[in-house]
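Everything on this sheet refers to the single structure shown next.
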Amino acid sequence: MEKKLFVSSSPHITDRESVAKIMFTVIAALVPAGIGGVYFFGPKALWVILVSVLASVATEAVIQILMKKPVTVGDGSAILTGILLAFTISVQVPLWIPAVGAFFAIAVGKQVFGGLGFNPMNPALLGRAFLLASWPDYMIRFDLARPRGGHLAGIPINIDGITEATPLNVFRQLRDIYSNTTEFTGVQPDVHQQIDTLTSSYTSIKNLFIGDVGGCIGETSALLLLAGAAFLMYKRYIGWKIPFGYIGTVALLSWIFGGKTDLFSGNILFFVFSGGLILGAFYMATDMVTSPVTFRGRILFGIGCGVITVLIRQVGGYPEGVCYSILLMNLTVPLLDRWNRPKVFGKVKK
Amino acid sequence: MKDVLKIGGILLAITVIAAAALSGVYSVTKPLIEDAKQKEQDAALTVALAGADTSGIYKVENEEYVYYEGFTERERQNLIGYAFITSKYGYSSDIVTMVGVDTAGTIIGIKVLSQQETPGLGTRIAEKAYGETKTWVQKQFEGKTAMGCAVDKDGGSIISITGATISSRAVTNSVVDGYKKFNEFITKK
Amino acid sequence: MSAFKELTKGIYDQNPVFKQALGLCPTLAVSNSVENGLGMGLAATFVLVCSNVIISLIRKLVPAKIRIPVYIVVIASFVTIVDYSMNGLFHELHKSLGLFIPLIVVNCIILGRAEAFAGKNNIFLSLLDGIGMGLGFTLALVLLGTIREILGNGSFLGIPVIGASFKPVLIMILPPGAFLSIGFVMGFFNWIENRKSN
């Protein structure tokens, strides 16, 4: 007998929102940052984004056809994954890198677990983590990704041995020199000054905010990303708890530990605007499938992301830690939700 | 009571048999293991003290320090340099290297004795790049003054491996530290 | 018929790694190349066959109360023998397998077969069981090692098999690659079983 009546578990919310509408709104919010990326890094950036999106959509469609499931590429979630993945890689990679990354993101990050809504981790970030672990020599290379008219670090750096790269990378290198090589006494005062210029000068922070620095395609321009995020917050597609918990924690801890050697001397603006923090905090950590649903859960999720990011940035092996911090916190989501389950209304307190 | 004795007796018998078997195996394999280790060390010494006669390398040993002297002739003639072993913790393991220096402190040869760094990244310190005849450490260190070695990221001339700065830096700093220690010892003597 | 079955069951039907999910720790750790997988597999097979035979031999002498310590003593002795011999004869391989050789002592396949099979069956069947299970374990390690070495290093047994233009998927020889490949191979075998039963 064929089933006629379907009853899903509560809550039974009726709303005009659909997956497709949310996805395409988020995509629209990312368009300014995408245009910014193409403007800063040249037409190759557009190719990276296109390859990534096409590979995502194709992978999703092929897998769904092979598994004899309804093909749902029209809902835009694969497109969004493709865009986010492209935003987190350098413009300098060969074009097969975004293609392989997108394949892994969709196939292993999403379809293996049963498709949209069942993935425990953000697929785009999983794709990036896969690429970073597999081809680190491509993924951490930014020396040619010089934005037009700009410097990779936002300011010119002239010290022997510094390969100009992303601002966070230069910061780590400079600080390593500062703390490691007392023997090169001639270099040290120079390094001291360079760190100050990098983290605190007006030009450096301004370039970081606009996005006129080296980095991954879609992560450099805080201005354009924030504009899109403001739109999404106005539409109530993303909440304030995760991004603010996240960025607030990074700001606080960077102020404490981000100085040259002394505590409480880091420049907050430098650490908030550099790297992929804005992109990660507003567009990736807030992913509906992979973030907690409870109030306390979201705050804790944000704080956890912030703590891990600062840990990786300040003491870890990589200069940037947004990707791994969100992936790690994604895995704690079931735990956070269970732990912070709201009290059933009317239940007597024991 | 009887039960305890019986169980204890059986356990005793089995452990005694096992111990006897193991001591037999140990006495057979011990010389083999030492031989293999010796061969490994000899191979490292011929790299570190390239140019020395294979039978002209002597171990100098006392309570606190061990190093090797290399001569071009068997009978301790024509000292070409010294070799010492140095190590430092890299990314995920102790990186142990054998370094050979001439009397002026210039590095003759170097070989990584053991390391367990990340495959494909940190392990490249001991590997030959595609089409190369020398390992990364040989290529970077040979002919340089041991005292002044530093990786490029620290303002020096050793070109660190992309993605494996920590391993590269550990090797470099351990060469400098090892040379300092060696120099202290040899000047004291 | 029955004896033949005891020999072959470990290879596919009851493969220790893919079907029983036993001994995953060494499987994940040393399957990063074919050579390591083969070395580890053969070392474990040797220990498994010897311990199965000895344990089956003494099964009637050992009181049930102390069977576990006795099994462990037998297994640990053979592991130590393997450890010494490998160190002497195959020094390089011993260096790369490192601390996983002594860890064969706690490999659940070996104690598992001792407890589940050798302690209850005669010497001949225990020998066949040990050979079969050991072969199954070795094959699993070599299969995973092949996948990981080819993808992660572009080589098979250290010989380059893919052209120099291939950029190896480094993650495959790192620990996550072990989880990825074991997951996919296990999933593949489950898929075959599902299709068979449908």
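Read-outs: derived from the displayed coordinates by stated rules, not from any lab. Everything numeric in this text was worked out from a predicted model, so none of it was measured. Neighbour counts run over all protein chains shown; Cβ positions are idealised from the backbone, glycine included.
Observations on the structure shown:
- Over all other residues within a Cβ to Cβ distance under 11 Å of B:D94, the charged ones net out to 0, with Lys and Arg as +1 and Asp and Glu as -1.
- Among A:S201, A:V48, A:G115 the positive-end extreme of the charge dipole of chain A (Cβ point charges): A:G115
- Applying a threshold of 31 Å to the alpha-carbon distances of A:K44/B:K111; C:K5/C:K95; B:K134/C:K167; A:K260/B:K134; A:K110/C:K167; A:K206/B:K139 flags A:K44/B:K111; C:K5/C:K95; A:K260/B:K134; A:K206/B:K139 as lying beyond it.
- For chain A, a crude dipole built from +1 on the beta carbon of Lys and Arg and -1 on the beta carbon of Asp and Glu, taken about the Cα centre, is about 1820 debye to the nearest 20.
- Relative contact order of chain A, defined on C-alpha pairs under 8 angstrom at six or more residues apart (%): 16
- In Hz, Karplus ³J(HN,Hα) per residue of region A:112-129 (6.51, -1.76, 1.60; θ = phi - 60°; x = Gly, Pro): 4, 8, x, x, 4, x, 10, 6, x, 10, 4, x, 4, 5, 5, x, 5, 4
- A:G276 long-range amide H proximity, modeled H, under 5 Å: A:V322
- Cα gyration tensor, the protein assembly as shown - rounded (a/c under 1.5), prolate or oblate: oblate
- Chain C: angle of helix C:123-153 to the longest principal axis, Cα-based, in degrees nearest 10: 10
- Magnitude of the charge dipole for chain C, about its Cα centre and with charges confined to Cβ atoms of Lys, Arg (+1) and Asp, Glu (-1), is about 520 debye.
- Residues in region C:52-67 carry Karplus couplings, in order, of 4, 5, 5, 5, 5, 5, 9, 4, 7, 7, 8, x, 4, 4, 10, 5 Hz; the curve used is 6.51 cos²θ - 1.76 cosθ + 1.60 with θ = phi - 60°, and Gly or Pro positions show x.
- Distance from the C-alpha centroid of region A:234-264 to that of region C:181-197: 45 Å, rounded to the whole angstrom.
- Bridge orientation summary for region B:49-129: considering DSSP beta bridges with both residues in this region, about 100 percent are antiparallel.
- Converting phi to 3J(HN,Hα) with the Karplus coefficients 6.51, -1.76 and 1.60 and the offset θ = phi - 60°, region A:65-80 yields 5, 4, 8, 6, 10, x, 7, 10, 5, x, 7, x, 5, 5, 4, 4 Hz in sequence order, with x at every glycine or proline.
- Of B:P31, B:V99, B:A20, farthest towards positive along the dipole that unit charges on Lys, Arg, Asp, Glu beta carbons give chain B: B:A20
- In the protein assembly as shown, taking the dipole from charged Cβ atoms about the Cα centre, the farthest positive-side position among C:A29, C:L61, A:A86 is held by C:L61.
- Other-chain or far-sequence residues with amide H under 5 Å of B:G156's (modelled H): B:V151
- Inter-chain shielding of C:80-87 (mean C-beta neighbours from other protein chains, 10 Å cut-off): 5
- Built amide H within the under 5 Å cut-off of B:I95, gap 5+: B:K88, B:Y89, B:G90
- Global form of region C:3-197, assessed from the alpha-carbon gyration tensor, a/c cut-off 1.5: oblate
- Rounded to the nearest 20 debye, the dipole magnitude of region B:45-188 is 320 debye, with +1 charges on Lys and Arg beta carbons, -1 on Asp and Glu beta carbons, and the Cα centre as origin.
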